[in-house]
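Following: one structure in structure tokens, then a few remarks.
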Amino acid sequence: MTASTSAFFSLMELTFRWECTMHRVVDAAILGQLRVVAGIPPITCGHQRIGGLVQVNVADLLPMFRRFGPSEEGATLRRIAPYEGGEWIHITDPADGLPIRSTDLLVPGQDVQR
């Protein structure tokens with residue numbers, strides 16, 4: 001598999017690939033032009049258990065991507081969506097959400113190709 005057909009790209013890889021800042025990548029994700037996903041352990045969302053690849057709402061994680069001043073190294077996921085798409089669902093266990101770092105976030109290669 002070549003770099004142009006990678007299954008997933010990190011946010012940092014996209015900044016190099018597109019020769020842009022991290023904020024341009026984050027903006028594209030916020031505007032719905034890119035899905036951002038993460039692999040998570042099984043967690044509880046209401047009455048269902050969910051784990052594996054899930055969509056992450058980057059707008060919920062903006063403290064990791066501040067435009068001015070220092071950014072946080074991590075944030076807490078409080079809601080996710082199924083990888084294939086669907087409604088955002090709130091994480092109920094762990095009650096405080098799921099810790100995540102920017103290095104855990106990926107963009108599907110098919111989104112990059114669009």
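The values are calculated or read from the model by the stated rules, or taken from the named source; none is laboratory data. Predicted model, so just to flag it, every value in this text is computed and none were measured. Reconstructed Cβ throughout: ideal geometry from the backbone, glycine too, with neighbour counts over all protein chains shown. The area values use the complete protein model at the heavy-atom level, side chains included, leaving out ligands, DNA and RNA. Shrake-Rupley method; radii C 1.70, N 1.55, O 1.52, S 1.80 Å.
Every residue, every condition in (1) touching a strand residue (DSSP E or B) at 6+ places or on another chain (Cβ under 6 Å); (2) free of Cβ contacts under 8 Å to residues at least 60 places away in the same chain, yes or no:
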| site | (1), (2) |
| --- | --- |
| Val26 | no, yes |
| Gly74 | yes, yes |
| Pro94 | no, yes |
| Gly97 | yes, yes |
| Ser102 | no, no |
| Val107 | yes, no |
| Gln110 | no, yes |
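Please find, among Phe68, Phe8, Phe16, the residue that is within 12 Å of the chain's Cα centre (by Cα) and open to solvent by 60 Å² or more (accessible area, probe 1.4 Å).
On inspection, the qualifying residue turns out to be Phe8.
Out of (1) over 17 Å from Gly109 (Cα atoms); (2) modelled with pLDDT of 95 or more; (3) surrounded by 12 or more Cβ atoms within 10 Å (Cβ to Cβ), what's the single condition that is false for Leu53?
(1)
Quick one: which residue in Thr76, Thr21 is polar (S, T, N, Q) and modelled with pLDDT of 95 or more?
Thr76
If a residue has to be among the charged types (D, E, K, R) and free of Cβ contacts under 8 Å to residues at least 12 places away in the same chain to count, how many in the stretch 32-54 make the cut?
Here the count works out to 1.
Return the pairs, sorted by first residue and then second, in which the second residue is of a type outside the set (S, T, N, Q) and open to solvent by 50 Å² or more (accessible area, probe 1.4 Å), the first residue lies in the stretch 55-68 and is in a helix (DSSP H, G or I), the beta carbons are less than 8 Å apart, and the residues are 6+ apart or on different chains.
Val58/Ile30; Ala59/Ile30; Asp60/Arg78; Asp60/Arg79; Pro63/Glu72; Met64/Glu72; Met64/Glu73; Met64/Arg101
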